[in-house]
Every structure is written in structure tokens, then in C-alpha cells.
Amino acid sequence: MPPSPSGRRSKARIMFDRQARILRQYVAWTSILYALGVAAVVWPGSRFITDTIVGGLAAVALGIGALVLLHRSDPSSGRFAAATAMAMAATPAAMAFNETLVAQVMTTIAALLLAMYLAAFNPFPRGPILVIAFTCAVIGALIVAPAQLSWITYVALAASILLSAQMYGSLMNALIYSASTDPLTGLLNRAGLELATIRALARCRTAQPVPVSLGILDVDRLKDVNDTLGHDAGDVLLMQLGLHLRGSFPPGTVIARIGGDEFVVFCVQVDQKKLFGLLTAVAAKSPTTFTFGICTTLSTSVHWPDMYRQADTSLYQAKRQRP
């Protein structure tokens, strides 16, 4: 995971650590509760002796497997995705064998919590897809379970899961958007750049490495504009450049403003020559002049501080060569 250019622990790293910690806590607590449910059935003299422990044991096994995969697992990794899938399977597994309404209500609470987590920490469209798939699994488990419910109960539970996920996910997305967006240009800020870069690299994770390129853009003479025409004029210039950059690159390009006059472009499956051509074409139609530097490496060997440093060095070499 690429840290901030300064080498400090990035906001993206902190958020991903929290995401992993929340899922670990959810899996651990629900696994403990499912284990207690199994113990309540097998305990000598238990009044639940007629209940089955198959669902509870399956849920506990899935939970333990998820916890093993989550140990020191990055949220952009395949291990984390597998752990998430196991967490999604655990609650329906328990529900499919519940014989009492009380047990179904208790496991539904776990389903609501996981649906909110899925909506909050997965971007569109993956988040809604996961929530819908999980809801279908839960309702399917309720339908086949020994504890029969009325059709209106199935509809109400499905609506509750989807609505809870939608409301909590919308709130979290609004907070993340506010924290990761530059208010002046509407582009990503430094924190948003880190998150988007991680996701872009995760999407291109293949056995065959692909080129990834970083471009740093520095607006020429912005200080002169601010000093002569005022900061409002400088802000308008930055907004125009941000709008121009947003409409000039292919889909999937990560574009951010990370400083007063500094912009960043990050591209996957784009080599140095191609990015140089793109930036040259963008500069030709730009509302203001800018200087840029580029660094390219392979997707399997990305080290963000080194990429940033090399692109920054290239930028200042280009500045020295300008008339």
C-alpha cells in the first residue's frame, strides 16, 4: 500500500487499518455468540436440546477461517476478499438451521451490522452488489430454515437490511467524500489520492505486471497571478485547470490536487511515453501553462515515496530547462 510521499503513516493506511479492525471485531464477536449458541444446545439439561448445532458450527468454522485470513491482511488483498466472503456466509449458514424465531431475530441483528459494514467500506458498484448478494443469501437461508416465517416477514427483513445498509453507507460515503476531495477544484486531495491509488492498483493485480505512471504537474507563475490579480483570480485559474484535467484523461485515471499549485495524475497500464504524450496534449489546450515530471514503474514494484521523489526530480529538471 503506497504511503504518503513524506513517508508518514497515511490517512489511507489509517482508514484501511480501521476497516480491517472493524471486520475482525465483527467476526470475532459473532463467532463467540454462535459458539455460545452451540454450547447452549449441547449443555447437559439444556432446554434447547431439540435444536440443531449444524448451523452454529458452520458459522463458527467460517468465522475462525475469516479471522485467520484477516491476520495482517491488507483490505486490497485477495485474503481480505476471501475473509469478507466467509463473514458473509457465516450468518446465512447459522440462519438456515435455526428452529426458533428468537434465534432468527438474533442472527438478523448480525446481518444488519454486516450489511452496514459492506455498504460503508466498499465503493460503488461493489458495495451495493455485495449488500444485495448478502441480503439474498440471508432471505434464502430464512426460507429454507426450520423456523418458518410469513412472507411479509421476509419482505420486512430484506427491506430492513437494504435500508440500513443504504442509510449508513450514504452517511459514510458523504464523510469520505468530504475528507478526500479538494473543495476548490472538486478533484481528489492527498488522502483521496492515496485511497484511489490503492484501489487502482488492486484492480490491476494480475500475474503479469503492467506499467503504472505518476505525473506531477506544477502550475507556472501562480504566485505572480495571486500577487497581481488577487487570490480570487488564482483560484479561478486552478478551478479551470482542474476542470480541464478532469475531461482530458481516459476513464480510470486518478487526478488530484495535493498542494497550492501542484496536481498529480496516476495511470494504470500507461507507460512513460504514453503519459508524456497525454500530458503534452493536455498542456497544449490548458487554460494555463504548467510544468510536469513523470515516473513509471511496474504494478508489482510500486513504492510510492520513490515514485513521487523521481517524478518530483523530473519536474524540477523540466523547470530548469524552461526558458
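The values are calculated or read from the model by the stated rules, or taken from the named source; none is laboratory data. Computed from a prediction, not measured in an experiment: that's the story for all the values here. Don't worry about glycine lacking a Cβ; one is built from the backbone with ideal geometry, like all the others, and counts go over all protein chains shown.
Take the residues of the stretch 73-101 that are among the hydroxyl-bearing types (Ser, Thr, Tyr) and assigned to a helix (DSSP H, G or I): which is nearest to Ile143 (Cα to Cα)? Among those that are among the hydroxyl-bearing types (Ser, Thr, Tyr) and assigned to a helix (DSSP H, G or I), it is Thr91.
Can Ser4 be described as at pLDDT below 80 and not assigned by TED's automatic domain parsing to the domain that holds Ala141? Against the criterion (at pLDDT below 80 and not assigned by TED's automatic domain parsing to the domain that holds Ala141), Ser4 qualifies.
Screening the stretch 104-213 for helices (runs of 4 or more DSSP H) wholly inside it with 3 or more residues that are aliphatic (A, V, I, L, M) and closer than 22 Å to Ile255 by Cβ returns the ranges 151-180, 190-203.
Condition check: out of contact with any helix residue (DSSP H, G or I) (no Cβ under 7 Å at 6 or more places or on another chain), crowded, with 21+ Cβ neighbours inside 10 Å, free of Cβ contacts under 8 Å to residues at least 60 places away in the same chain and not aromatic (Phe, Trp, Tyr). Does Leu217 satisfy that? It is false that Leu217 is out of contact with any helix residue (DSSP H, G or I) (no Cβ under 7 Å at 6 or more places or on another chain), crowded, with 21+ Cβ neighbours inside 10 Å, free of Cβ contacts under 8 Å to residues at least 60 places away in the same chain and not aromatic (Phe, Trp, Tyr). Residues in the stretch 269-323 that are exposed (fewer than 13 other Cβ atoms within 10 Å of the Cβ) and in a strand (DSSP E or B): Leu298 alone. Among the residues examined, Gln104 does not qualify as within 30 Å of Arg203 (Cβ to Cβ) and not aromatic (Phe, Trp, Tyr). Being of a type in the set (Val, Ile, Thr) and surrounded by fewer than 14 Cβ atoms within 10 Å (Cβ to Cβ) is the filter; apply it to the stretch 53-88 and report the residue that is modelled with the highest pLDDT. So, considering only residues that are of a type in the set (Val, Ile, Thr) and surrounded by fewer than 14 Cβ atoms within 10 Å (Cβ to Cβ), the one modelled with the highest pLDDT is Val68.
Per the listing Leu241, Leu237, Leu245, the residue uniquely touching a helix residue (DSSP H, G or I) at 6+ places or on another chain (Cβ under 8 Å), over 22 Å from Phe16 (Cβ atoms), buried (at least 21 other Cβ atoms within 10 Å of the Cβ) and in the same structural domain as Ala281 (by TED's automatic domain parsing) is Leu245. Residues of the stretch 254-268 that are within 21 Å of Pro183 (Cα to Cα) and buried (at least 20 other Cβ atoms within 10 Å of the Cβ): Val254, Ile255, Ala256, Arg257, Ile258, Asp261, Phe263, Val264, Val265, Phe266. When Leu237, Leu241, Leu245 are checked against the criterion of being under 26 Å from the mean Cα position of the chain (by Cα), touching a residue at least 12 places away in the same chain (Cβ under 8 Å) and within 19 Å of Thr181 (Cα to Cα), a single residue qualifies: Leu245. Please enumerate the residues belonging to the stretch 170-197 that are farther than 20 Å from Asp312 by Cβ, β-branched (Val, Ile, Thr) and either out of contact with any helix residue (DSSP H, G or I) (no Cβ under 9 Å at 6 or more places or on another chain) or crowded, with 21+ Cβ neighbours inside 10 Å (or both). Residue satisfying the conditions is Thr185 alone.
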